[in-house]
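> Once you've had a glance at the structure underneath, I'll fire off some questions.
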């Protein structure tokens, strides 16, 4: 099956700093999503980005499908950005099942 | 509206109890999912329903029994659970033909 690797596993930032999170996947995918899981467990959709580049406020994402990676950029980080960021890719089946990476735990210090 | 709701938010149950988790969406999505998430781990797929029919069961023990009574509702019936079943249970939905999955806020289950 498809393998999904995220790096770094942990990241500590000072408020206002920028960061880049990476997601590598082992096979071509037709679905890739980035999520932010807040401390209460809610998975918040950040981007649906099987290819290309998208931006939403301070966040942007780029997926290079031919090279099997995706990047999530966080600029001017805030304490509310803390939590776990998951990359998930579709397994290629018609059900749209997602395979999650292990996540990047981000802590933003004031 | 991209909301998936789940009830209850928290549940504590004994190993002999029977309880149910509920999930609801009104986005017209015809694929619905149950995931289990243990602490410090990613979500793991348990069940997939497509057009109200169970299409995937990821070798989940029979003490977990899913039900999809209509296109908007998804239940997970729990019976004779073990303490190791304590986890966050997440529901998600998606258009059948593609697009992104949307997750509910989860039910945090503790089995005593």
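Here, each number is a calculation from the coordinates, and none is a lab measurement. From a predicted model like this one, the values you see are computed outputs, not experimental measurements. FYI the Cβ positions are ideal-geometry reconstructions off the backbone, even for glycines, and counts take in every protein chain you see.
> Listing B:15, B:46 from the residue with the fewest other Cβ atoms within 10 Å to the one with the most, what is the order?
Values: B:15 13, B:46 20.
Lowest count first: B:15, B:46.
> To the nearest µm²/s, what D does Stokes-Einstein give for the range B:27-112 at 25 °C and 0.890 mPa s, using the Kirkwood radius over alpha carbon pairs as Rh?
Result for D is 184 µm²/s.
> Now a separate question. Which of A:62, B:16 comes first, and how do the rest follow, when ranked by fewest Cβ neighbours within 10 Å?
Details: A:62 17, B:16 8.
The most exposed by this proxy come first: B:16, A:62.
> At a 10 Å Cβ-Cβ cut-off, how would you order B:81, B:54, fewest neighbours first?
Taking fewest neighbouring Cβ atoms as first place, the list is B:54, B:81.
> Full-extension gain between residue A:7 and residue A:27, please, as 0.36 nm times their residue separation minus the C-alpha to C-alpha distance. Present the calculation step by step, with values, prior to reporting the outcome.
Details: separation 20, 0.36 × 20 = 7.20 nm, distance 1.75 nm.
Extra length from residue A:7 to residue A:27 when fully extended: 5.4 nm.
> Follow-up question, since we're still on this one. Measuring from centroid to centroid over Cα atoms, what is the spacing of the range B:1-30 and the range B:38-92 in Å?
Between the Cα centres of the range B:1-30 and the range B:38-92 lies a distance of 10 Å.
> Using a Debye calculation, one point per C-alpha and no hydration shell, please list log10 I(q)/I(0) for the protein assembly as shown at q = 0.14 Å⁻¹ in order.
For the requested q values the scattering log ratios are -0.87.
> I'd like the FRET efficiency for residue B:71 and residue A:68, computed as 1/(1 + (r/R0)^6) with the beta carbon distance as r and R0 of 45 Å, rounded to 0.05.
It comes to 0.80.
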